[in-house]
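Working notes, beginning with the structure itself.
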Amino acid sequence: MFDKDKDNLLSCEETYYLLLSLGIEYAEDEFWEFFKQYGNKTTDAFVSPKNLKMDYVSLLAYLNKKSKEYDIEKEIMTCFKLFDQDGDGKINYSEMKYLLLSLGEKFEDEEINEIINVIDSTGQGAITYEDFIKILLLK
């Protein structure tokens, strides 16, 4: 779809728009560095980066590497903010109760307090972002 000239290679512009469609954006200088690294090499030392092409294998290698760099911490923070309805940086009793009810879980007040107390590392009666991460990343 992005290979407009149907040569089985992606030009600089074609690659740029393909990455953009995948939600991958670069500043111009970062894009050139990426493209020079993954674009097909040539023996012509004077070739402009704009004349480089990217093949399917190189693009897959890049996308594979990029997927391994996925920012899980950003996703965890987004999730935490959804639960932290008042935006104070903590999940308190009422937010925990709402969360559990929205998941279809009905707990008694004492059980909710116990959950919070087990997770809460600060003794504030709420779950901080750091507590949240520790719970999510337990194996």
- Query: Leu10's amide H: which non-local residues (gap 5+, or another chain) put their own amide H closer than 5 Å, with H modeled 1.01 Å from N in plane and none for Pro or chain starts?
  - Reply: Met54, Asp55
- Message: Assuming 0.36 nm per residue, please report the length gained on full extension of the stretch Cys79 to Glu25 beyond their Cα-Cα distance.
- Response: 17.1 nm
- Query: When only DSSP loop residues count, what trypsin sites (Lys or Arg not before Pro) in region 1-38 have their Cβ near at most 14 other Cβ atoms within 10 Å?
  - Reply: Lys4, Lys6
- Message: I want the local charge near Gln124. Using Cβ-Cβ distances under 11 Å, sum +1 for each Lys or Arg and -1 for each Asp or Glu among the other residues.
- Response: -2
- For region 72-136 the mean separation of alpha carbon contacts under 8 Å (6+ apart) over residue count, i.e. relative contact order in percent, is 31 percent
- Report, to the nearest 10°, how far helix 72-83 tilts away from the longest principal axis of the Cα atoms in the chain, using its own Cα long axis and a range of 0 to 90°. 40 degrees
- Query: From the cross-link list Lys36/Lys134; Lys53/Lys81; Lys6/Lys66; Lys4/Lys65; Lys65/Lys97; Lys66/Lys106, which pairs have alpha carbons spaced over 31 Å apart?
  - Reply: Lys36/Lys134; Lys53/Lys81; Lys65/Lys97; Lys66/Lys106
- Divide, for the chain, the radius of gyration over alpha carbons by 2.2 N^0.38 Å, where N is the residue count. 1.66
- Message: Taking 0.36 nm per residue of sequence separation and subtracting the Cα-Cα distance, how much length would be gained by fully extending the chain between Leu63 and Asn40, in nm to one decimal?
- Response: 6.7 nm
- Message: If you filter region 91-135 for trypsin sites (Lys or Arg not before Pro), then keep DSSP loop positions with at most 10 other Cβ within 10 Å, what is left?
- Response: Lys106
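No lab work stands behind these numbers, since they all come straight from the coordinates. Values in this document were obtained by computation on a predicted structure and should not be read as measured data. Glycine gets a Cβ as well: all are built from the backbone with ideal geometry, and neighbour counts include every protein chain shown.
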